[in-house]
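The values are calculated or read from the model by the stated rules, or taken from the named source; none is laboratory data. Computed from a predicted structure; not experimentally measured. Glycine also receives a Cβ, built like all others from the backbone with ideal geometry; neighbour counts cover every protein chain displayed.
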Amino acid sequence: MQVRSGVLLQVGDQNRSYPVQLGCISVTPEHADAAEAWLRQELPRRTRVNLRPLDSADGVLLARVQVLREGLDLGSGLIDAGLAEPLPALILPSGCPSVDPKPQPQSP
């Protein structure tokens with residue numbers, strides 16, 4: 001396991017290694033460094049994860065990634081930390097958790 005950016009991981013086992021992009025989220029450029037630091041803190045080398053593939057493009061697997069020891073979903077963790085946003089419903093891949101719309105302020 002290696003963190004390459006705020007949304008890209010290098011995951012491997014004994015035989016192979018491949019890039020995995022966190023699915024279901026978007027990290028803005030201003031949060032990219034903080035998101036990368038958060039992932040490095042949560043994913044020390046040799047951390048075991050569960051991948052839930054959503055799609056792939058250009059040799060990169062798009063997946064939900066869950067840390068096995070804690071059950072932490074990395075995409076949800078980045079959202080909870082304020083470092084990422086859920087993807088809009090129009091481009092949300094199948095397999096992503098549904099996102100409740102933010103409540104609208106009520107006018108008096």
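Could you tell me which numbered condition TRP38 fails, if it satisfies all but one of (1) out of contact with any strand residue (DSSP E or B) (no Cβ under 9 Å at 6 or more places or on another chain); (2) surrounded by fewer than 16 Cβ atoms within 10 Å (Cβ to Cβ)?
(2)
Every residue in segment 22-46 that is in contact (Cβ under 8 Å) with a residue 60 or more places away in the chain, small (Gly, Ala, Ser) and not in a loop (DSSP other than H, G, I, E, B), please.
Within segment 22-46, SER26 is the sole residue that qualifies.
Could you grab the pairs with beta carbons closer than 9 Å, sequence gap of 6+ or different chains, first residue in segment 64-77 and part of a strand (DSSP E or B), second one surrounded by fewer than 16 Cβ atoms within 10 Å (Cβ to Cβ) and of a type in the set (Gly, Ala, Ser)?
Partner pairs satisfying both residue conditions: ARG64/GLY95.
Taking the residues in segment 73-95 that are surrounded by 16 or more Cβ atoms within 10 Å (Cβ to Cβ) and touching a helix residue (DSSP H, G or I) at 6+ places or on another chain (Cβ under 8 Å) as candidates, determine which candidate is modelled with the lowest pLDDT.
Taking segment 73-95 and keeping what is surrounded by 16 or more Cβ atoms within 10 Å (Cβ to Cβ), we get 73-79, 83-84, 86-87, 92.
Then drop every residue that is not touching a helix residue (DSSP H, G or I) at 6+ places or on another chain (Cβ under 8 Å), which leaves 74, 77-78, 83-84, 86.
Working: LEU74: 95, GLY77: 94, LEU78: 96, LEU83: 96, ALA84: 95, PRO86: 91.
Once the filter is applied, the top-ranked residue is PRO86.
Go through segment 13-35 and report how many residues are surrounded by 13 or more Cβ atoms within 10 Å (Cβ to Cβ) and farther than 20 Å from ALA81 by Cβ.
Residues flagged as surrounded by 13 or more Cβ atoms within 10 Å (Cβ to Cβ) and farther than 20 Å from ALA81 by Cβ within segment 13-35 amount to 2.
Can you tell me which residue in segment 42-62 is surrounded by the fewest Cβ atoms within 10 Å (Cβ to Cβ), limited to those that are within 14 Å of the chain's Cα centre (by Cα) and within 13 Å of MET1 (Cβ to Cβ)? Show your work before the answer.
As a first pass, look at segment 42-62 and keep what is within 14 Å of the chain's Cα centre (by Cα): 42-43, 49-55, 60-62.
Cutting the leftovers down to within 13 Å of MET1 (Cβ to Cβ) gives us 42-43, 49-51.
On the way: GLU42: 16, LEU43: 19, VAL49: 17, ASN50: 12, LEU51: 15.
Once the filter is applied, the top-ranked residue is ASN50.
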